[in-house]
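Let me begin by presenting the structure, written as structure tokens, before commenting on it.
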Amino acid sequence: MRKEMKDLTKILLGGENLSLYISDDMHIVDAVANKFNNLLDIKPNTIDELKTSHTSKTPIAPIAFSALSHKPKFDFVYMSLTPEYDKSRVHSEKQVAGEKWNDYINFYTSNKYFDFTNEWNSSHYTNVIKLLFALYEDHETGKISIEDIEKQLNTEKKYIFNTLLKDKSILFPSIVPFHSQGFNTNMNGINHLRDNMPGYDKYLDALLDYIKTSTEDNAIIISNNYADSRVVYSLLESDGAELLLDNQLLSVQKWDSKFAVLFNDHLFSRHGLRSDFEIDTVMTHITTLLKNGSENKGIKELEDYCKSLLEKREEEDHKSRGQRIKGNKLKKVAVKKLRKEKVFTPPVVTPAPVVAPAAPVTPAPVVAQVVENTDDKTND
């Protein structure tokens, strides 16, 4: 396993032997990552940039895969476009991994890496834990929360991963082995890289060959989100995989003697499987598929369940849209009425008719009046 990871890294970086220290090969790592970014027109310092260093100048070497192996062949493969990247822990992670290539490779192919990630409560591995528990442990349907798993296994969260895999092996291969916070591409992008980078073309062929030859018959291959799943789908299809089921929620392929279950959206997202119960029910049908080793057993039940789930969602969404529309109409009526009651309307006043001004009036002359003195007459 460690030899294969070292060989894949050498192929990616041009086929030359690796130096003792990672830092001595970082000029090659930088050149390859920059070519990836340039071919895909990824701008520097963007969320989808493929990184080779952290803000602290910590070297970030590529990872072809991480793995935990308790037996020669893998039972569970979780394929992603790029390795998991958490900017809050990447500096600590690379320091723990070591400065030498051998230490770095040993770290990612041992308990050390998974013990380290358990301390950080990674949501990435929380989903993997739920899938593993649903597949391999007897339990009550829908009871796959971390609390449920801790209780049933009688262990703390940080020990769940190793407890579940005590007699199994798991592989996390990277289609593009450079770290990124939000790298995203489709099969056209992958083919463009292969056409222009012979080293990457050989790397991808060697990676797929390693997955095929190092996994058990009836092993399960998982991919979780649209971009990753579409690329995995195309890679397996081009290598002869048979399509068994394809709907809005997931696709199922049979590749050689393995089964690929590719979720078309993130688990617990609006368009993906939204709950522990839905995830567990799907994985129950997958378990039937794996146990029987035949697509005739389990696939029809899975198809029927997905169909009923999608129909139920469509009905619920239709009702929800209807309630929103009805609510908006009622709200408009209420607001309109409210505004009518509250808006002040001034009384209508009829203006007085306009009258032409009257001609000026000349005042009459004041005439002096003689008043007769009656007192004199009386005294006479």
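The values are calculated or read from the model by the stated rules, or taken from the named source; none is laboratory data. Every value quoted in this text rests on a predicted model; they were computed, and no experiment measured them. Note that each Cβ is placed from the backbone with ideal geometry, even for glycine, and that neighbours are counted across all protein chains shown.
Descriptive notes on the structure:
- Filter pass, Lys57 being at positive phi and over 22 Å from the mean Cα position of the chain (by Cα): yes
- If the condition is being in contact with a Phe, Trp or Tyr (Cβ under 8 Å, 6 or more places away or on another chain) and either part of a helix (DSSP H, G or I) or surrounded by 21 or more Cβ atoms within 10 Å (Cβ to Cβ) (or both), then the range 213-240 contributes Thr215, Ala219, Ile220, Ile221, Ile222, Ser223, Asn224, Ser229, Leu236.
- Filter result (under 22 Å from the mean Cα position of the chain (by Cα) and among the β-branched types (Val, Ile, Thr)) within the range 21-46: Ile42, Thr46
- Note on the range 286-333: residues that are in contact with a strand residue (DSSP E or B) (Cβ under 7 Å, 6 or more places away or on another chain) and either more than 24 Å from Phe76 (Cβ to Cβ) or modelled with pLDDT under 90 (or both) amount to 5.
- Only one entry in Ile47, Ile28 is among the hydrophobic types (A, V, I, L, M, F, W, C) and either surrounded by fewer than 15 Cβ atoms within 10 Å (Cβ to Cβ) or closer than 21 Å to Asp86 by Cα (or both), namely Ile47.
- Leu262, sole failed condition from (1) assigned to a strand (DSSP E or B); (2) more than 20 Å from Ser174 (Cα to Cα); (3) hydrophobic (A, V, I, L, M, F, W, C): (2)
- The condition of being among the polar types (S, T, N, Q), surrounded by fewer than 18 Cβ atoms within 10 Å (Cβ to Cβ) and farther than 18 Å from Ile11 by Cα holds for only one of Asn188, Asn196, that being Asn188.
- Only one of Phe259, Phe263, Phe277 that is buried (at least 20 other Cβ atoms within 10 Å of the Cβ) and either touching a Gly at 6+ places or on another chain (Cβ under 7 Å) or over 23 Å from Asn127 (Cβ atoms) (or both): Phe263
- Residues that are modelled with pLDDT under 85, small (Gly, Ala, Ser) and under 28 Å from Leu235 (Cα atoms), drawn from the range 81-129: Ser122, Ser123
- Taking the range 40-63 as the range and being more than 13 Å from Phe183 (Cβ to Cβ) and not in a loop (DSSP other than H, G, I, E, B) as the test, the residues that pass are Ser53, Pro59.
- Scoring Tyr210 on the criteria (1) more than 30 Å from Asn45 (Cα to Cα); (2) loosely packed, with under 15 Cβ neighbours inside 10 Å; (3) at pLDDT 95 or above; (4) not hydrophobic (A, V, I, L, M, F, W, C) leaves a single failure, condition (2).
- Leu39 being surrounded by 15 or more Cβ atoms within 10 Å (Cβ to Cβ), touching a residue at least 24 places away in the same chain (Cβ under 8 Å), in contact with a His (Cβ under 7 Å, 6 or more places away or on another chain) and not charged (D, E, K, R): yes
This table checks each residue for (1) surrounded by fewer than 20 Cβ atoms within 10 Å (Cβ to Cβ); (2) farther than 23 Å from Ser223 by Cα.
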position	(1), (2)
Lys94	no, yes
Asn111	yes, no
Asp115	yes, no
Thr126	yes, no
Ala134	no, no
Ile144	no, no
Ile160	no, no
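- Of the residues making up the range 53-80, those that are at pLDDT 90 or above and either surrounded by fewer than 21 Cβ atoms within 10 Å (Cβ to Cβ) or under 30 Å from Ala134 (Cβ atoms) (or both) number 13.
- Contact map, the range 71-99: residues that are touching a residue at least 24 places away in the same chain (Cβ under 8 Å) paired with residues that are among the aromatic types (Phe, Trp, Tyr) and in a loop (DSSP other than H, G, I, E, B), Cβ distance under 7 Å, separation 6+ or inter-chain. Pairs shown: Leu81/Phe183; Thr82/Phe178; Thr82/Phe183; Asp86/Trp120; Arg89/Trp120.
- Residue match in the range 136-143 (condition: within 26 Å of the chain's Cα centre (by Cα) and of a type in the set (Lys, Arg)): yes
- Hits in the range 149-201 (condition: among the acidic types (Asp, Glu) and in contact (Cβ under 8 Å) with a residue 40 or more places away in the chain): Asp167
- Among (1) out of contact with any Ser or Thr (no Cβ under 8 Å at 6 or more places or on another chain); (2) over 22 Å from Thr9 (Cβ atoms); (3) in contact (Cβ under 8 Å) with a residue 60 or more places away in the chain; (4) among the polar types (S, T, N, Q), the one test that Ser223 misses: (1)
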